[in-house]
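To start, the structure under review is shown below, and the notes come after it.
The values are calculated or read from the model by the stated rules, or taken from the named source; none is laboratory data. None of these values were measured; they are calculated from a predicted model. Cβ sites come from the backbone with ideal geometry, for glycine too, and all protein chains shown count toward neighbours.
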Amino acid sequence: MTISLNHPLIKKSQSLIALFLLCLLFSLLSDKFMTSANLWNVLRQISVNVCISVGMTLVVLMAGIDLSVGSVLGFTAAVCAGLLKNGLAFESLDLFVGFSVLGAILVSILIGLALGLFNGWVITKFSIPPFVATLAMLTIARGLTMLYTEGIPISNLGAEFEFIGSGWILGIPAPVWISILMVLIVLFLTKKTTFGRYIYAIGGNERAAFLSGININKIKLAVYGIAGMMAAVGGVLVTSRLNSAQPNAGISYELDSIAAVVIGGTSLSGGIGTVAGTVIGAVIIGVLNNGLVLLDVSPFWQQVVKGFVILLAVIIDKMNQKK
Amino acid sequence: MLQAINISKEFPGVKALNQVNFTFYPGRVNAILGENGAGKSTLLKILTGVYTEYDGEIKLNGETVSFSNIKEAQNAGIAIIHQELNLIPELSVTQNLFLGREILTPLGILDATKMEIEAKRIFEKIQLNVSPKTLVQQLKVGEQQLVEIAKALLCNANVILMDEPTSALSDKEIDNLHRIIFELKKEGKTIVYISHKMDELFKIAENYTVLRDGNSIDEGEMKDTTENDLIRKMVGRDVLIDKKCTQSQFENTILKVGNLNLIHPNDKKRKLLHDISFELKKGEILGIFGLMGAGRTELLETLFGMHPANSTYSLEINQKNVLHKKPKEAIENGLAFVTEDRKTEGLVLGMDISSNISLTNLPVSGFLEPSKEKNASKNYIEKLRIKTPSEMQLCQNLSGGNQQKVVLAKWLATNPQILMMDEPTRGIDINAKSEIYNLIKELAADHMSILLVSSEIPEILALSDRILVMAEGKIKACYLAAEANEDKLLKSALPD
């Protein structure tokens, strides 16, 4: 039996095959790659990008883009750390509110939601292209981060909080559990709900979707809101891992997440793509980063290689579409 | 002379063309007939260098040719005028005309003057009275088509392929096009003409080729054949279009429109619709006839809540006053709208049939019900005879007629009281057409009320119980089916 490269099953699992080959290559070149310590390390490193990227997948499926996720991550992380460490003090009322770990996390996720909703509001209310609206938010949220932290990291957040980023549950790193949960939530949304179906329809043909009676603006608001929340979850993971919120946390994270989405086969023009693809895309980027470090490749060369991998993924995708 | 010898073309799972043979003669109009999906578009794409992989041979004036891209076909003198026009609206007619073959000064700078003079010369030849500086977006559809023909003439095409050139034209524009085709014929150009309009083909074509399911069925001269004969060859069996309306008693008013006005979105002084008032009865088919630009589409759009900011009207559905600010509200009040353009407004082409049909009626709970969706779409596939291997087929892989049926299914699935249809059979083949006619009549017999907009007089006459005629945004006349005829409709539809 011969297997043609055009076989639908092979096409479908193309990125998975690429990932396998990549792992094979690194395990041949470095004896440190295929160790359990290293593999857990890779998964823990990518868990932040996975959270951001599944949110980004929804945005891109809808033919949108969210450039603000890195800054939203930075701001929500700073607020989370600030609340944990200093609480909220209202001097005029002589009132002080302290925050538990859960409370601080919830507030930071709500702030992520609010910033995402603001993106969606600008995009739908004023018909501003998502690229521009979220570019503005990229600057705004970063500025807010600097104002809030005054440019100084907020550190020493307590062991309980640190556990989220560094702990292990049932032999698996806690952040990996959290990213799996986020993937499952978004997977459920896309596969099992009308909300998910409407996202695909809007990305495929917004006008036809509107004429079918779909409330486009509501869906868009929700999607950008979710993208903001996912960025905030990523922020919690980063902060607890370092036990410190850095003012410049999340800078250029939007690029890694868009790369994961694109490598995973989601079309930037919307309507086509899967959450599973994005997860594989994020893993490919993580493995690539890790493998190149193990091989002692200079960080500058790593960027060059990553860029070419993104190009290659999109070119292969394009060629498949033509056939 | 353009000849094809044993042309075959296969797509995954489909044989689009199977050993097709034909000869197109210079100085004649050569008609290609066939239902949608018969292989006409594939054939055109091979002749113009879009598809480069195929079996068989193409001979131009006795020499075997093969084009590896569109430019090569153009250089060999083959030009195509597409059904959907390929002009850039934001550029001027001259810029469009010379796109890709601009005239440059010796310094390599665009020579605007020279190009405009040349454009003027060609426009005069085809009697297109527009300034070379006019933007394409300011032209009517008929004029845009003439620009496409000018483009073909500019590259000295000897073979001009026309894919349903008259589907969007008014009668006057059609006459003008036919006159130009006649001139081109006299100059010895080979015209290849695809159209679903039989009377038109008998008027202008000399030769015909019939395709069916990718096979060439017959070739010959138009003077030796009849309309029924050609239809039989295209469809493979006799098609009877029953011209008589099912008579039923219309008593209950379901829709009452009063003083509907619509102003132009960019020019508040211009009115697109003036004081439109009419009633629609339960189970009635109300035809709305008019020429392009009469405001028929805008009327349906306004009723469907697509122009909330620019329209004023009173609207009663089942004696209840309503106002539609968006399509969602119109749908909730029992309206459905089969739009004119199924590709840009009707379907999400990249989604499967099942998802498209259920898009208007997904469960309010927010959770998908896959088995229900599957059964409903299978039901419609059977009922409307949608030709497809399964309900999971992507809509982009369906032929025009089948796509239109999916649009219909999607709206029928909302259980509408009032079905509005805008050119429901535009660009689809005769067989699917008659199926849709029968369906419309069945729906009306089942007490659904139907607003039918069409530019085809035979279609309006065959289906409507009553006919409104519109011109320049106003209702000009109203006829009962029994008292209407082609002359009356046309006369009323002409602008003052």
Residue that is nearest to the chain's Cα centre (by Cα), among those in region B:383-410 that are of a type in the set (D, E, K, R) and away from chain A (no Cβ under 14 Å): B:405
Counted residues, region A:203-225 - those being surrounded by 20 or more Cβ atoms within 10 Å (Cβ to Cβ), at the interface with another protein chain (Cβ under 9 Å from one of its Cβ atoms) and part of a helix (DSSP H, G or I): 5
Pairs, first among the polar types (S, T, N, Q) in region B:122-141, second in a loop (DSSP other than H, G, I, E, B), C-beta under 8 Å, six or more apart: B:137/B:89; B:137/B:90
Residues of region A:260-274 classified as buried (at least 24 other Cβ atoms within 10 Å of the Cβ) and more than 14 Å from every other protein chain (Cβ to nearest Cβ), total: 4
Filter result for residue B:316 (buried (at least 22 other Cβ atoms within 10 Å of the Cβ), farther than 27 Å from residue A:270 by Cβ, more than 9 Å from chain A (Cβ to nearest Cβ) and in contact (Cβ under 8 Å) with a residue 60 or more places away in the chain): no
Those residues of region B:212-233 which are under 19 Å from residue B:43 (Cα atoms) and either β-branched (Val, Ile, Thr) or not in a helix (DSSP H, G or I) (or both), in sequence order: B:212, B:213, B:214, B:215, B:216, B:217, B:218, B:219, B:220
Options A:132, A:186; residue that is surrounded by fewer than 20 Cβ atoms within 10 Å (Cβ to Cβ) and either over 23 Å from the mean Cα position of the chain (by Cα) or away from chain B (no Cβ under 14 Å) (or both): A:132
Given (1) surrounded by 24 or more Cβ atoms within 10 Å (Cβ to Cβ); (2) more than 16 Å from the chain's Cα centre (by Cα); (3) of a type in the set (Ser, Thr, Tyr), number of the condition residue A:194 does not satisfy: (1)
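Could you say which residue among B:423, B:472, B:456 is modelled with pLDDT of 85 or more and of a type outside the set (A, V, I, L, M)? Walk me through it before giving the result.
Numbers: B:472 fails: modelled with pLDDT of 85 or more; B:456 fails: modelled with pLDDT of 85 or more.
The conditions single out B:423.
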Qualifying residue in region A:191-202 (condition: more than 10 Å from chain B (Cβ to nearest Cβ), under 16 Å from residue A:271 (Cα atoms), aliphatic (A, V, I, L, M) and not in a loop (DSSP other than H, G, I, E, B)): yes
Qualifying strands (runs of 3 or more DSSP E) (wholly inside region B:1-67; at least 2 residues being over 28 Å from the mean Cα position of the chain (by Cα) and more than 14 Å from residue B:159 (Cα to Cα)): B:2-11, B:55-60, B:63-65
Which listed residue, of A:272, A:280, is closer than 19 Å to residue A:13 by Cβ, among the hydrophobic types (A, V, I, L, M, F, W, C) and assigned to a loop (DSSP other than H, G, I, E, B): A:272
Residue match in region A:154-163 (condition: in contact with a strand residue (DSSP E or B) (Cβ under 7 Å, 6 or more places away or on another chain) and among the polar types (S, T, N, Q)): yes
Matching residues in region B:459-496 - criterion: being over 24 Å from residue B:303 (Cα atoms), surrounded by fewer than 20 Cβ atoms within 10 Å (Cβ to Cβ) and without any contact (Cβ under 8 Å) to a residue 40 or more places away in the chain: B:482, B:483, B:485, B:486, B:487, B:488, B:491, B:496
Count of residues meeting criterion [farther than 16 Å from residue B:131 by Cα and hydroxyl-bearing (Ser, Thr, Tyr)] in region B:75-109: 1
Single unsatisfied condition, residue B:171 versus (1) surrounded by fewer than 22 Cβ atoms within 10 Å (Cβ to Cβ); (2) at pLDDT 85 or above: (2)
Qualifying residue in region B:290-297 (condition: charged (D, E, K, R), away from chain A (no Cβ under 14 Å) and closer than 19 Å to residue B:456 by Cβ): yes
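Output the residues belonging to region B:325-352 that are within 24 Å of residue B:387 (Cβ to Cβ) and surrounded by fewer than 22 Cβ atoms within 10 Å (Cβ to Cβ).
Of the residues in region B:325-352, the ones within 24 Å of residue B:387 (Cβ to Cβ) are B:336, B:338-352.
Within region B:325-352, B:340, B:341, B:343, B:344, B:345, B:349, B:350, B:352 qualify.
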Every residue from region A:33-63 that is touching a Phe, Trp or Tyr at 6+ places or on another chain (Cβ under 8 Å) and among the β-branched types (Val, Ile, Thr): A:48, A:52, A:59
Failed condition for residue B:117, given (1) exposed (fewer than 13 other Cβ atoms within 10 Å of the Cβ); (2) more than 30 Å from residue B:4 (Cβ to Cβ); (3) not small (Gly, Ala, Ser): (1)
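So which of B:290, B:305, B:283, B:295 is over 21 Å from the mean Cα position of the chain (by Cα), among the small types (Gly, Ala, Ser), buried (at least 22 other Cβ atoms within 10 Å of the Cβ) and assigned by TED's automatic domain parsing to the domain that holds residue B:465? I'd like the intermediate steps shown before the answer.
On the way: B:290 fails: over 21 Å from the mean Cα position of the chain (by Cα); B:283 fails: buried (at least 22 other Cβ atoms within 10 Å of the Cβ); B:295 fails: over 21 Å from the mean Cα position of the chain (by Cα).
Checking each option against the conditions leaves just B:305.
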Every residue from region B:71-104 that is under 26 Å from residue B:1 (Cα atoms) and of a type in the set (Asp, Glu): B:72
Some residue of region B:361-382 being aliphatic (A, V, I, L, M), within 20 Å of the chain's Cα centre (by Cα) and part of a loop (DSSP other than H, G, I, E, B): no
Scope region B:453-490; condition hydrophobic (A, V, I, L, M, F, W, C) and closer than 19 Å to residue B:199 by Cα; matching residues: B:457, B:460, B:461, B:462, B:489, B:490
Residue in region B:353-379 that is farthest from residue B:404 (Cα to Cα), counting only those that are in contact with a Leu (Cβ under 9 Å, 6 or more places away or on another chain), surrounded by fewer than 23 Cβ atoms within 10 Å (Cβ to Cβ) and more than 8 Å from every other protein chain (Cβ to nearest Cβ): B:369
